[in-house]
Amino acid sequence: TDGIIWQFLYDYYSTSPYKWVFVGGSSLFATSAGSTTASGTLTSIASPSITVPLSGEYRIMFGFLGSLFNATNGGSARAEVRIDGTATGSPCKAGNELNTAADGARYMDACRTIGPHAIVATKVVDIYGRVDGAGGTSGTAYFINQHLAVKPVRVG
């Protein structure tokens, strides 16, 4: 429905359960204007999400423009990709606010590519966020201009 076309070659000799090797095409891509959280634990934020159409191995690229406001002990905005709510263990941080209780904090770009991850068809890839405090978890983490891209490596 999005006009995405992928090209694959079949690898008969591969020992992988995913015999179709990606050779061309663009990523599935989603964006979101932004969201905030004051949570010190990873929580679902208003973020872009992508439903994977085929079972296989995928590379995931995600990022945001982030900052931390009103932090009492510094810290950063931290985001992680989740696959159907399950952590991938690949955090992405931005902000590194050093001023006590500072408003007008610096915004920093954060971007990370992870994978390949084995993902079953119809699973949802999205972003979770939290306050990642240097001396605690106070303040409000801002996640602006979020982006998420999913590209196959192999499918089957």
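The values are calculated or read from the model by the stated rules, or taken from the named source; none is laboratory data. Just so it is clear, the structure is predicted and the values come from calculations on it, not from any experiment. Heads up, the Cβs are rebuilt from the backbone with ideal geometry, glycines too, and the neighbour counts pull from every protein chain shown. What goes into the accessible areas is simple: the full protein's heavy atoms, side chains included, and nothing from ligands, DNA or RNA. Shrake-Rupley method; radii C 1.70, N 1.55, O 1.52, S 1.80 Å.
Details
- Test: residue in the range 123-136 that is modelled with pLDDT of 85 or more, in contact with an Asp or Glu (Cβ under 7 Å, 6 or more places away or on another chain), closer than 23 Å to Tyr18 by Cα and of a type in the set (A, V, I, L, M): yes
- Top-ranked residue in the range 9-43 [being part of a strand (DSSP E or B) and β-branched (Val, Ile, Thr); ranked as nearest to Val120 (Cα to Cα)]: Val21
- Checking each residue in the range 10-26 for being over 26 Å from the mean Cα position of the chain (by Cα) and open to solvent by 80 Å² or more (accessible area, probe 1.4 Å) picks out Tyr10, Tyr12, Tyr13, Thr15.
- Taken together, the residues in the range 27-78 that are open to solvent by less than 60 Å² (accessible area, probe 1.4 Å) and over 16 Å from Gly115 (Cβ atoms) amount to 24.
- Within the range 105-124, the set of residues being open to solvent by 50 Å² or more (accessible area, probe 1.4 Å), assigned to a strand (DSSP E or B) and of a type outside the set (A, V, I, L, M, F, W, C) comprises Asp109, Arg112, Thr113, Pro116.
- Taken over the range 44-101, residues that are at pLDDT below 75, touching a strand residue (DSSP E or B) at 6+ places or on another chain (Cβ under 6 Å) and not in a strand (DSSP E or B) amount to 2.
- Tabulated pairs, the range 137-150, first closer than 28 Å to Glu57 by Cβ, second open to solvent by 40 Å² or more (accessible area, probe 1.4 Å) and β-branched (Val, Ile, Thr), C-beta under 6 angstrom, 6+ apart or interchain: His147/Thr31
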